[in-house]
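The block underneath contains the structure these notes are about, expressed in structure tokens.
Just so it is clear, none of the values below were taken in a lab; they were calculated from the coordinates. Keep in mind the model is a prediction, meaning the values are calculated, not measured. A quick note on method: Cβ atoms are made from the backbone with ideal geometry, for glycine too, and the neighbour counts reach across all protein chains shown.
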């Protein structure tokens, strides 16, 4: 007597859901694939929402609470859409000692957002990372995926200012 598997229904007709489905299928639609499936959703859509968590949980046959728990536990996952531009300030020991706190304060002051938030217009997201692995470049900041080292407040604000805030 086998258990029947009901295929989850994608939250929309967006073709990116085919990528998520293929990823889950490639991993055997098993619960051990939860983190990788959530990574696939995040890469495809930029964030996780309730519909995507429900879709993955159903597809992998795990409780929705487990999918939510994983999504909120790991720093990589975000439950809000990212801004058009991202500024990630490293808060590792070397970066913090060399002024990462000051950089965060400057961005908070300039844009009125705290780490983990996005400006109301959706243009800029301010994030932190525990360590970028670029300690020799401390303090390091990642602007839209590009690492910039030995950053100071004036240069950081100037670079972020090019985003047209």
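Contour minus end-to-end for residue 130 and residue 12, with contour as 0.36 nm per residue of separation and end-to-end as the Cα-Cα distance?
39.0 nm
At 7 Å along the Cα-to-beta-carbon direction for both residue 162 and residue 74, put a label point, then send me their distance in nm to one decimal.
For residue 162 paired with residue 74, the spin-label model returns 3.2 nm.
Over the chain, what is the relative contact order in percent, taking alpha-carbon pairs closer than 8 angstrom and at least six residues apart?
It rounds to 18 percent for the chain.
Between 83, 69, 116, which gets the highest mean-square fluctuation from a Gaussian network model of the chain, Cα cutoff 10 Å?
69
Arrange 87, 131 by Cβ neighbour counts within 10 Å, fewest through most, would you?
Final ranking by Cβ density, sparse to dense: 131, 87.
For 109, 23, 52, 153, which order do you get if you count the other beta carbons within 10 Å of each Cβ and list the fewest first?
By the 10 Å Cβ count, ascending: 109, 153, 23, 52.
Which percent, to the nearest 5, of DSSP beta bridges fully inside the stretch 14-148 are antiparallel?
Taking every DSSP beta bridge within the stretch 14-148, about 55 percent pair in antiparallel fashion.
Fewest to most neighbouring Cβ within 10 Å: what's the order for 75, 39?
Least crowded to most crowded, the residues run 75, 39.
Cα atoms only: what Rg and Dmax, in Å, come out for the chain?
Taking only Cα atoms of the chain, I get Rg and Dmax of 18.8, 67 Å.
Equivalent-ellipsoid semi-axes (√(5λ), Cα gyration tensor) for the stretch 16-73, whole Å, largest first?
Value: 14, 14, 9 Å, ordered largest first.
Which value at 222 nm does the chain reach when only helices count, each DSSP H run of 4 or more adding -39,500 (n - 2.57), with the total divided by all residues and rounded to the nearest 500 deg cm²/dmol?
Theoretical 222 nm ellipticity from helices: -12500 deg cm²/dmol.
Over the stretch 15-82, what is the relative contact order in whole percent, taking alpha-carbon pairs under 8 Å and six or more residues apart?
RCO, the stretch 15-82: 32 percent.
Compute the length gained on full extension between residue 86 and residue 49: take 0.36 nm times their separation in residues and subtract their Cα-Cα distance, giving the result in nm to one decimal.
Separation in residues times 0.36 nm, less the Cα-Cα distance, equals 11.4 nm.
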